[in-house]
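Colleague: Following this message is one structure expressed as structure tokens.
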Amino acid sequence: MTSIVIPAHNESRVIGRLLDSLLAESSADEIDIVVVCNGCTDDTAQVAGRRGAGVRVVEIPEPSKHEALRVGDEHARGFPRLYVDADVVIAASDVRELTHSLDGSSAILATAPEREVPLAGCAWRVRAYYQVWQRLPAVREGLFGRGVIAVSEAGHARIAALPPLMADDLAASLAFAPDERLVVDTARVVVHPPRTWSDLIKRRIRAATSSAQLEHYQRQEQGGPDKDEQDDSGLGHETAGGTAGRPSARTSKADLRAILRAEPKLILGVVVFVAAAVVARRGSRKAIRSQDFGTWLRDESSRQG
């Protein structure tokens, strides 16, 4: 049986659409859904509970995604196992596609779906940003930024060993070599973007802060120097194999130049992308200096039903 763990913190406005999508095409003995309501002050648990016996709801007092995932693992019944953010939408048919490659017959340990990012209703700068972001090699090939990751039992052992990190999906993606992970082109997930520039910047500040935490962890693991590896543009330096030779998903100037060579009409989008990187870089400095990796800066505009 495939288990699906959904950590949810105050997600009453959106969790119903995810659960309805999962339940619409699945049988009772096909998928095992565990919703872990962590530190909720709204009626997320009640909304999830109304979906019936196909959804098991667990409540914990601490508003922590890492703790919610750990508790979800304790209650999940089977493998392959999916970890799904409450604010995305994926169907049971897409879950099946994700699990096909995780039957132990190949080297694949983790999969994720192709993402659909609906930009209608978003501010023009948000649309311009995502036109560039979705073309970045790391974004196309990595498992992060999709709100869904599926793992085999062996893959689960790999990510269970990770420490609590803000960039949990990025860390999970980088935990697997390219030949161990797969973006399944026959599976889709809808990832709702922020609708306003200010909410996009909140996301980017969170991403810059969490990337710094992940890289600090990588340096500690490898015994390397603990130093800043971005320049004032907010973009990573151009080094082979990621930042300073470590696995990384940072955008380099070379990535942006390649996009412009292929599609010169995206020049405005690249300008917006760099502007967002600069603003986020500056906005993250205080949190990075104080080692504040707990402030989430969640955008609410993407959760408007």
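Colleague: Of all residues in the stretch 53-62, count the ones that are touching a Leu at 6+ places or on another chain (Cβ under 8 Å) and either of a type in the set (A, V, I, L, M) or surrounded by 17 or more Cβ atoms within 10 Å (Cβ to Cβ) (or both).
Modeller: Within the stretch 53-62, residues that are touching a Leu at 6+ places or on another chain (Cβ under 8 Å) and either of a type in the set (A, V, I, L, M) or surrounded by 17 or more Cβ atoms within 10 Å (Cβ to Cβ) (or both) number 1.
So that you can scan it fast, the table gives a plain yes or no per residue for (1) within 20 Å of His156 (Cβ to Cβ); (2) over 17 Å from the mean Cα position of the chain (by Cα); (3) not assigned by TED's automatic domain parsing to the domain that holds Ala187:
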residue	(1), (2), (3)
Ala45	no, yes, no
Val55	no, yes, no
Val58	yes, yes, no
Lys65	yes, no, no
Leu69	yes, no, no
Ala76	yes, yes, no
Pro80	yes, yes, no
Asp87	no, no, no
Val95	yes, no, no
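Colleague: Also, I was wondering about something else. For the stretch 83-109: of the residues being over 30 Å from Ile201 (Cβ atoms) and hydrophobic (A, V, I, L, M, F, W, C), which is surrounded by the fewest Cβ atoms within 10 Å (Cβ to Cβ)?
Modeller: Ala107
Colleague: Can you find a residue that is touching a Cys at 6+ places or on another chain (Cβ under 9 Å) and either surrounded by fewer than 19 Cβ atoms within 10 Å (Cβ to Cβ) or without any contact (Cβ under 8 Å) to a residue 60 or more places away in the chain (or both) anywhere in the stretch 63-77?
Modeller: yes
Colleague: If we keep just the residues of the stretch 36-52 that are out of contact with any Ser or Thr (no Cβ under 8 Å at 6 or more places or on another chain) and crowded, with 23+ Cβ neighbours inside 10 Å, which is farthest from Asp103 (Cα to Cα)?
Modeller: The residue in question is Ala48.
Colleague: Pairs, please: C-beta under 9 Å, at least 6 apart or cross-chain, first residue touching a residue at least 60 places away in the same chain (Cβ under 8 Å) and in the stretch 31-52, second of a type in the set (Gly, Ala, Ser) and in a strand (DSSP E or B)?
Modeller: Ile31/Ser3
Colleague: Based on this model, can you work out whether Gly16 counts as more than 23 Å from Pro164 (Cβ to Cβ) and either in the same structural domain as Ala157 (by TED's automatic domain parsing) or in contact with a Lys or Arg (Cβ under 6 Å, 6 or more places away or on another chain) (or both)?
Modeller: yes
Colleague: Output yes when any residue across the stretch 216-228 is within 21 Å of Arg125 (Cα to Cα) and either modelled with pLDDT under 85 or touching a Lys or Arg at 6+ places or on another chain (Cβ under 8 Å) (or both), and no when none is.
Modeller: No, every residue in the stretch 216-228 fails to be within 21 Å of Arg125 (Cα to Cα) and either modelled with pLDDT under 85 or touching a Lys or Arg at 6+ places or on another chain (Cβ under 8 Å) (or both).
A quick yes/no check of all residues on (1) farther than 27 Å from Ser64 by Cα; (2) hydrophobic (A, V, I, L, M, F, W, C); (3) assigned to a helix (DSSP H, G or I):
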site: Leu260; (1), (2), (3): yes, yes, yes
site: Ile267; (1), (2), (3): yes, yes, yes
site: Val270; (1), (2), (3): yes, yes, yes
site: Phe273; (1), (2), (3): yes, yes, yes
site: Phe293; (1), (2), (3): no, yes, no
site: Ser302; (1), (2), (3): no, no, yes
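Colleague: Report those helices (runs of 4 or more DSSP H) wholly inside the stretch 149-227 carrying at least 3 residues which are over 24 Å from Ile6 (Cα atoms).
Modeller: So the answer is 197-222.
Colleague: Suppose we filter Gly72, Gly121 for residues that are assigned to a loop (DSSP other than H, G, I, E, B) and under 25 Å from Arg303 (Cα atoms); which single one remains?
Modeller: Gly121
Colleague: Would you check if Val139 is outside any loop (DSSP other than H, G, I, E, B), more than 17 Å from the chain's Cα centre (by Cα) and of a type in the set (A, V, I, L, M, F, W, C)?
Modeller: no
Colleague: Still on this structure: Looking only at the stretch 20-52, which residues are in a loop (DSSP other than H, G, I, E, B) and either within 22 Å of Pro80 (Cβ to Cβ) or basic (Lys, Arg) (or both)?
Modeller: Our first condition is that a residue be in a loop (DSSP other than H, G, I, E, B); within the stretch 20-52, this holds for 25-30, 39-43, 50-52.
Correct list: Glu25, Ser26, Ser27, Ala28, Asp29, Glu30, Arg50, Arg51.
The values are calculated or read from the model by the stated rules, or taken from the named source; none is laboratory data. Just so it is clear, the structure is predicted and the values come from calculations on it, not from any experiment. Backbone-built Cβ (ideal geometry, glycine too); neighbour counts: all protein chains shown.
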